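Student: Pasting in a structure now, in structure tokens, and then I'll have a few things to ask.
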Amino acid sequence: MIFYTYEQLKDKLNDDNKIKIINDDFAIHSFKIYGYFDLVNNYKSDVKQVQENQELTIDDLLAIREIDNDLQSLIFKYLIQIENTFKSHLSYLMGQEFGVNKADYTNPDNYETKISSERVFSKIEEKDHIDFTRDPAKHYLDKYSDIPPWVFLKHIPLGDTKNIYKELKNDHKNYIVNEMVPFLKSVSENDKLQCFKEHMDFIHEFRNTIAHGGRLLNYKTVTKVQPKNYTNLFSKTVIPINKIYKYERRIYQLLLSIILLINDSYLRGKFIAEVESLYKFFTQSRGNHFSDIFLEVSGLPNDFIYKLKQSVRDLSTTS
């Protein structure tokens, strides 16, 4: 490995990556703000095809980095909303079916497999970053000497929440899935539970990469959602059979998963409107040149906004 100074990185950007630099000081300032790796290496392989037809500048890379950051903030907000809704349904079920006292809703007899459910709750208690001595749990401990499930889940990460859900008996899982994704009510129980699990695992991986400062536009997950768990819900207009693998593990599937998992028509419409507004802001200020780069890097279909709106119409006909 070799250490490069800012001056050397500037030359490398121009000479090796064929990115035009108009102002040297501005280029170095950009490296300091965003980091050369995040600004260049994250996107350089995706912009090569665009470079065959048009010259790219460091301004173009900055615009891609900025829309990536802005989209991450927007999408993260809705991923947290899905997480909160998931926890809300799970805590309601735990309180109603098992009881509001910790000894009741952590009782392994309430779950499908006693040994593995014991292990799940034990691991939660062993984690240093989960602190039930702080609010809001502290308030309930001080006042009631116990922690209800809706507060317990507030303190634990999404991964641990999913692990608790996985230990539920199928009829309890069914309740949560029917509340979260009513569009799946007509699907067989096994297919429904598998579909929900895959979509939750998929958005969870994106949530983590965003939370840890990764990229979004050209990120590809390890987690896969079976094609049928999109094609059975959305029309060919939204996700053509011959394009399904092009979108696999990428941002377009993430947008569809979010639309599927947000069980609120207002929030769903607001989500699409915010994505559209952000995209329009960048394309109107930077023109078709930017749009070509954005679509190449993200792999999104040219008419992705129309397709997202159509996906909502598709779901309304299946509910």
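Student: Ordered by residue, what ³J(HN,Hα) values in Hz, to whole numbers, does the range 182-189 give under the Karplus form 6.51 cos²θ - 1.76 cosθ + 1.60, where θ = phi - 60° and Gly and Pro are x?
Tutor: Ordered by residue, 3J(HN,Hα) equals x, 5, 9, 4, 7, 7, 4, 4 Hz.
Student: I'd like the accessible area for D135, computed on protein heavy atoms only with a 1.4 Å probe and all protein chains in place. Round to 10 Å², please.
Tutor: Accessible area, nearest 10 Å²: 110 Å².
Student: Return the Rg/Rh value of the range 85-139, two decimal places, where both radii are evaluated on C-alpha atoms and Rh is the Kirkwood radius. Intermediate values should be presented prior to the final figure.
Tutor: Working: Rg = 12.1 Å, Rh = 12.4 Å.
Here Rg/Rh amounts to 0.98.
Student: Kindly state, to the nearest 0.05, the FRET efficiency for K127 paired with M1, given R0 = 30 Å and r defined as their beta-carbon distance. Kindly include the intermediate steps, with their values, before the conclusion.
Tutor: Values: r = 35 Å, r/R0 = 1.16.
That pair, K127 with M1, gives E of 0.30.
Student: Another one. Non-local amide H neighbours of I130 (under 5 Å, H modeled in plane, Pro and chain starts lacking H): which ones?
Tutor: When sequence neighbours closer than 5 places are left aside, there are no close amide H contacts.
Student: Sorting S122, S73, S291 by accessible area (1.4 Å probe), largest first, what list results?
Tutor: On the way: S122 55, S73 85, S291 15 Å².
Highest to lowest solvent-accessible surface, that is S73, S122, S291.
Student: With a 1.4 Å probe and all protein chains kept in place, how do T221, T209, T133 rank by accessible area, largest first? Walk me through the numbers on the way to the answer.
Tutor: On the way: T221 0, T209 20, T133 95 Å².
The ordering from most to least exposed comes out as T133, T209, T221.
Student: Now a separate question. Calculate the dipole size of the chain relative to its Cα centre from +1 charges on Lys and Arg beta carbons and -1 charges on Asp and Glu beta carbons; express the result in debye to the nearest 20.
Tutor: Working: 43 positive and 45 negative charges, 152 e Å.
Here the size comes out at about 720 debye.
Student: Helix-only estimate, please: 222 nm mean residue ellipticity of the chain, summing -39500 (n - 2.57) across DSSP H runs of length 4 or more and dividing by its residues, to the nearest 500.
Tutor: Working: 17 runs with 201 residues, N = 319.
For the chain, the value works out to -19500 deg cm²/dmol.
Student: Still on this structure: For the chain, the longest stretch holding no GluC sites (Glu not before Pro) located in a DSSP loop with at most 14 other Cβ atoms within 10 Å is which? Working shown, then result.
Tutor: Details: sites that count: E52, E55, E112.
The answer is 113-319.
Student: Taking 0.36 nm per intervening residue step and subtracting the Cα-Cα distance, what contour gain separates N302 from R134 on full extension?
Tutor: Details: separation 168, 0.36 × 168 = 60.48 nm, distance 4.80 nm.
Separation in residues times 0.36 nm, less the Cα-Cα distance, equals 55.7 nm.
Student: Let me ask another. So what is the accessible area of the chain per residue, in Å², with the probe set to 1.4 Å?
Tutor: Working: 15830 Å² over 319 residues.
Counting only protein heavy atoms, the per-residue value for the chain is 50 Å².
Student: Net charge within 14 Å of N170 by Cβ-Cβ distance, Lys/Arg positive one each and Asp/Glu negative one each, not counting N170 itself?
Tutor: On the way: positive: K166, K169, K173, K192, K197; negative: E97, E112, E167, D171, E189, D191.
Around N170, the surrounding residues sum to -1.
Student: Ordering H199, H129 by how much accessible area each has at a 1.4 Å probe, largest first, what is the list? Could the numbers behind the result be given before it?
Tutor: Working: H199 0, H129 130 Å².
Highest to lowest solvent-accessible surface, that is H129, H199.
Student: Starting from the amide H of L56, placed 1.01 Å from N in the peptide plane, find each other amide H under 5 Å away whose residue is 5 or more places distant or on another chain.
Tutor: Placed amide hydrogens put K20 under 5 Å from L56.
Student: Further question: Apply 1/(1 + (r/R0)^6) to the Cβ-Cβ distance of E97 and N288, taking R0 = 51 Å, and write down the FRET efficiency to the nearest 0.05.
Tutor: Values: r = 56 Å, r/R0 = 1.09.
E between E97 and N288, to the nearest 0.05, is 0.35.
Student: Could you work out the percent of alpha carbon pairs in the range 195-273 separated by over 16 Å, rounded to a whole number? List each step's numbers first, then the result.
Tutor: Working: 1556 of 3081 pairs.
Summing the P(r) of the range 195-273 above 16 Å gives 51 percent of all pairs.
Student: Lys and Arg at +1, Asp and Glu at -1: add these up for the other residues within a Cβ distance under 11 Å of R249 and post the number.
Tutor: On the way: positive: K220, K224, K246, R250; negative: E205, E248.
Neighbour charge sum, excluding R249 itself: +2.
Student: Right, here's the next one. Go through the range 172-234 and name the chymotrypsin sites (Phe, Trp or Tyr not before Pro) that are in a DSSP coil and have 16 or fewer other Cβ atoms within 10 Å of their Cβ.
Tutor: Details: sites: Y175, F183, F196, F202, F206, Y219, Y230, F234; in loops: Y219, F234.
Here no chymotrypsin sites (Phe, Trp or Tyr not before Pro) fit, given the DSSP loop and packing criteria.
Student: Could you work out the per residue convex hull volume over the alpha carbons of the range 1-124, in cubic angstrom? Let's see the in-between values first.
Tutor: Working: hull volume 24.7 nm³, N = 124.
Hull volume over Cα atoms, normalised by residue count, gives 199 Å³.
Student: Which percent of the accessible heavy-atom area of the range 203-247 goes to carbon and sulfur, probe 1.4 angstrom? Present the calculation step by step, with values, prior to reporting the outcome.
Tutor: Details: 1130 of 2280 Å².
Carbon and sulfur together cover 50 percent of it.
The values are calculated or read from the model by the stated rules, or taken from the named source; none is laboratory data. Just so we're clear, the structure is a prediction, and the values are computed from it rather than from any experiment. Glycine also receives a Cβ, built like all others from the backbone with ideal geometry; neighbour counts cover every protein chain displayed. Each accessible area value is taken on the protein alone, full model and side chains, heavy atoms only, with ligands, DNA and RNA left out. Shrake-Rupley method; radii C 1.70, N 1.55, O 1.52, S 1.80 Å.
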